[in-house]
1. Evaluate segment 54-76: report whether one residue or more is within 28 Å of residue 6 (Cβ to Cβ), open to solvent by 70 Å² or more (accessible area, probe 1.4 Å) and not β-branched (Val, Ile, Thr).
2. For a quick check of your reading of the model, give me the residue pairs whose first member lies in segment 50-69 and is touching a residue at least 12 places away in the same chain (Cβ under 8 Å), whose second is loosely packed, with under 12 Cβ neighbours inside 10 Å, with beta-carbon atoms closer than 8 Å and at least 6 apart or on different chains.
3. Identify, please: which residue in segment 21-43 is in a helix (DSSP H, G or I) and open to solvent by 60 Å² or more (accessible area, probe 1.4 Å) and is, among those, farthest from residue 67 (Cα to Cα)?
4. So which residues in segment 123-139 are over 21 Å from residue 34 (Cβ atoms) and open to solvent by less than 70 Å² (accessible area, probe 1.4 Å), if there are any at all?
5. Looking at segment 91-106, is at least one residue under 16 Å from the mean Cα position of the chain (by Cα) and open to solvent by 70 Å² or more (accessible area, probe 1.4 Å)?
6. Looking only at residues in segment 140-160 that are part of a helix (DSSP H, G or I) and either open to solvent by 90 Å² or more (accessible area, probe 1.4 Å) or among the small types (Gly, Ala, Ser) (or both), which one is farthest from residue 57 (Cα to Cα)?
7. Quick check on my filter: what residues within segment 58-79 are closer than 18 Å to residue 142 by Cα and modelled with pLDDT under 95?
8. Give the number of residues within segment 107-122 that are part of a helix (DSSP H, G or I) and open to solvent by 60 Å² or more (accessible area, probe 1.4 Å).
Amino acid sequence: VLSLHQFLQGGEGAGCKAEDVAGFVTTEDSLIRAHARNGMTWQLGDALPIASRRCSVDEAQKRARALLERCAFVGFYEDLEPDVPRLSRELFARVRSPVPTLGLFRLGALATAHRRRVRKYAATLTVRERELVVAANQQDLALYAWARKRAGRTNSLHDDYHSWLAS
């Protein structure tokens with residue numbers, strides 16, 4: 001949500017300009033609402049566009065969990081480098097390439113680990129903005145926590161680069 005807000009700060013994307021985080025997560029603009037309020041739950045559990053939704057948010061949560069349970073692989077952005085060997089072994093074992101794609105990908109994943117392990121956008125929020133983002137995304141947060149627990153993921157995101165380096 002915060003990454004999308006940052007992207008829209010320049011007026012990109014849907015032709016609208018996001019002014020502040022509070023206005024972004026409370027807007028009535030249907031395109032922004034679809035993404036800024038439990039977008040992951042709706043995308044996986046029913047339909048992202050608000051006009052296409054056919055169930056309650058609780059039903060969308062159940063459907064999203066059921067979909068994730070059927071997936072051959074569920075990756076986590078912040079765990080990209082340890083996921084690469086597993087992906088290679090479980091899903092791409094028969095893929096052959098003259099380019100050392102896996103090695104290059106792992107190198108890139110390692111080089112960008114700091115961006116995935118730190119809550120860089122969240123660190124800029126006021127307490128009120130953080131509360132609004134969390135309130136607008138309770139279903140997404142619950143789905144993410146459920147998926148991480150189901151996958152046995154225990155690493156944590158850091159509030160700043162200093163705490164990440166110290167870990």
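The values are calculated or read from the model by the stated rules, or taken from the named source; none is laboratory data. The model shown is predicted, which means the values in this text are computed figures rather than measured ones. Backbone-built Cβ (ideal geometry, glycine too); neighbour counts: all protein chains shown. All accessible areas refer to the heavy atoms of the entire protein, side chains included, with ligands and DNA or RNA removed. Shrake-Rupley method; radii C 1.70, N 1.55, O 1.52, S 1.80 Å.
1. The answer is no, given that none of the residues of segment 54-76 is within 28 Å of residue 6 (Cβ to Cβ), open to solvent by 70 Å² or more (accessible area, probe 1.4 Å) and not β-branched (Val, Ile, Thr).
2. Qualifying pairs under 8 Å: 50/30; 51/30.
3. Residue satisfying both the conditions and the ranking: 26.
4. Scanning segment 123-139 gives 123, 125.
5. no
6. Checked segment 140-160; the qualifying residue farthest from residue 57 (Cα to Cα) is 151.
7. 74, 75, 76, 77, 78
8. Start the filter on segment 107-122 by keeping residues that are part of a helix (DSSP H, G or I), which leaves 107-111, 113-116, 122.
Then drop every residue that is not open to solvent by 60 Å² or more (accessible area, probe 1.4 Å), which leaves 107, 110-111, 114-115.
The qualifying residues number 5.
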